[in-house]
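The values are calculated or read from the model by the stated rules, or taken from the named source; none is laboratory data. Owing to the predicted nature of the structure, the values given are computational and were not obtained by experimental measurement. Neighbour counts run over all protein chains shown; Cβ positions are idealised from the backbone, glycine included. Areas reflect the complete protein model, heavy atoms only, side chains present, ligands, DNA and RNA absent. Shrake-Rupley method; radii C 1.70, N 1.55, O 1.52, S 1.80 Å.
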Amino acid sequence: MLIHKAFNTDYHTVETVAHTRAAVMNCPDVSFILDIGGQDMKAIFVHNGIPTNFVLNEACSAGCGSFLDTYSSTLKIPISQVAELAFNSIIRLCLALDALYL
């Protein structure tokens, strides 16, 4: 809404919908989007190009970029390899009591 007011646009789009539209344009069969931002992290579930559910972390920065950067440094893994290693993992790791299992 802030951008809508500031730039006098005709309409505005909710962030989760914008992420979904962009993802579908690049990967039409996308089913999950993970937005890791500076202040929060959003898990967006997608079915047939439509966001059907999303989860927002409750603890500020608990799973965000700065956390992942520190975590990768501690493990001595370059941040650029974290996603590939995570997707190839056969064991799921719970980093918090309220972790999201996907």
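Some observations on this one:
- Counting heavy atoms of the protein chains alone, residue 34 has an accessible area of about 90 Å² for a 1.4 Å probe.
- A 1.4 Å probe, protein heavy atoms only, puts the accessible area of residue 79 near 90 Å².
- FRET E, pair residue 72, residue 45, Förster distance 30 Å, beta-carbon r, rounded to 0.05: 0.70
- Distance between the pseudo-spin-label points of residue 7 and residue 26 (7 Å out from Cα toward the beta carbon): 1.9 nm.
- Between residue 86 and residue 17, the FRET efficiency from the beta-carbon distance, with R0 = 25 Å, is close to 0.45.
- For the range 72-87, putting each phi into the Karplus relation 6.51 cos²θ - 1.76 cosθ + 1.60 with θ = phi - 60° gives couplings of 5, 5, 4, 7, 6, 10, x, 4, 5, 9, 4, 4, 4, 5, 5, 5 Hz, in residue order, rounded to whole numbers and with x for Gly and Pro.
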